[in-house]
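Chemist: Sharing a structure with you now.
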Amino acid sequence: MKILLLGYGKMGKTIEQRAIHKGHEIVGRINSAGEREAFALQADVAIEFSEPSAAPDNLRWCLKNQLPVVCGTTGWLDQKPMIDQEFAAQGGALFYAANYSLGVNLFFKLNEALARLMNHASQYQFSIEEIHHTEKKDSPSGTALALARQVIAIHEGYQQWQEGLTAETGILPIHSVRLPGVPGTHILRYQSEMDEIEIKHTAHSREGFADGAVMAAEWLQGRQGLFSMEDLLSF
């Protein structure tokens with residue numbers, strides 16, 4: 001498989017290493033829009049891990065060139081409904097996930113199950129803490145937002161999320177921390193006056209995310225439509 005990397009930061013470099021390890025070829029490493037044109041016809045798939053400001057344009061470029069694309073950039077999801085409509089209308093192939101780690105996607109399932117149980121235990125207050133490296137562009141993290149949206153959809157006690165600590169009824173607080181060299185940690189807490197329930201996912205390196213992105217690119221071959229890790233992992 002011939003892969004075009006749209007975004008060649010730390011994540012792009014890790015994806016490159018894992019893709020080559022699995023026998024794939026990297027045909028281009030792109031950090032600016034002007035560099036893309038020479039590679040459209042050389043690649044089988046693009047993997048997009050750039051910046052929030054660049055992601056929508058990169059995705060539209062892939063659609064214009066009929067290039068299937070796996071996207072992991074977060075912080076631009078206010079534009080995703082429009083992007084989804086364009087891909088659906090024009091028959092493109094877009095695989096999007098806020099997090100490509102198998103462990104995190106299992107964590108999502110635990111989050112859903114616990115939120116359902118907690119509908120019957122209103123004395124517990126829910127909160128999310130996410131910890132990432134200081135170079136991360138968006139806050140809260142895309143994974144934290146995905147976790148929050150799951151809880152809001154399932155738990156009757158929450159209608160919206162808010163960054164920062166709050167005790168306001170119906171508001172789900174997300175506390176974001178930035179520290180040097182941290183790939184990603186997410187902590188879900190249900191607290192009452194008597195006790196606390198906590199589940200936690202800690203990434204030890206970027207390799208787990210990179211492997212998932214390469215796996216998604218392999219899976220996307222020959223498909224058309226909008227996909228996520230739910231489709232890949234068949235939960």
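Chemist: Quick test of your reading of the structure: M1 fulfils all but one of (1) more than 30 Å from A144 (Cβ to Cβ); (2) free of Cβ contacts under 8 Å to residues at least 40 places away in the same chain. Name the failing condition by number.
Modeler: Condition (2) is where M1 drops out.
Chemist: Considering only region 1-24, state which residues are surrounded by fewer than 19 Cβ atoms within 10 Å (Cβ to Cβ), charged (D, E, K, R) and either in a helix (DSSP H, G or I) or in contact with a Pro (Cβ under 9 Å, 6 or more places away or on another chain) (or both).
Modeler: K10, K13
Chemist: Which of the residues that make up region 97-108 are among the aliphatic types (A, V, I, L, M) and not in a helix (DSSP H, G or I)?
Modeler: Of everything in region 97-108, those that are among the aliphatic types (A, V, I, L, M) and not in a helix (DSSP H, G or I) turn out to be A97, A98.
This table checks each residue for (1) over 20 Å from the mean Cα position of the chain (by Cα); (2) in the same structural domain as R149 (by TED's automatic domain parsing); (3) surrounded by fewer than 16 Cβ atoms within 10 Å (Cβ to Cβ); (4) on the phi > 0 side of the Ramachandran plot.
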site	(1), (2), (3), (4)
I26	yes, no, no, no
F39	yes, no, no, no
E48	no, no, no, no
A55	no, no, no, no
Q66	yes, no, yes, yes
W76	no, no, no, no
I83	no, no, no, no
F87	no, no, no, no
Y96	no, no, no, no
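Chemist: Would you check which residues across region 118-177 are part of a helix (DSSP H, G or I) and of a type outside the set (A, V, I, L, M, F, W, C) and list them?
Modeler: Residues satisfying the conditions are G142, T143, R149, Q150.
Chemist: Separate question: Going by the structure shown, is K13 charged (D, E, K, R), outside the structural domain of H186 (by TED's automatic domain parsing), touching a strand residue (DSSP E or B) at 6+ places or on another chain (Cβ under 9 Å) and within 30 Å of F126 (Cα to Cα)?
Modeler: no
Chemist: Now for a separate question. Which strands (runs of 3 or more DSSP E) sit wholly inside region 44-96 and have at least 3 residues that are within 16 Å of I30 (Cβ to Cβ) and at pLDDT 95 or above?
Modeler: 45-48, 69-71
The values are calculated or read from the model by the stated rules, or taken from the named source; none is laboratory data. From a predicted model like this one, the values you see are computed outputs, not experimental measurements. Heads up, the Cβs are rebuilt from the backbone with ideal geometry, glycines too, and the neighbour counts pull from every protein chain shown.
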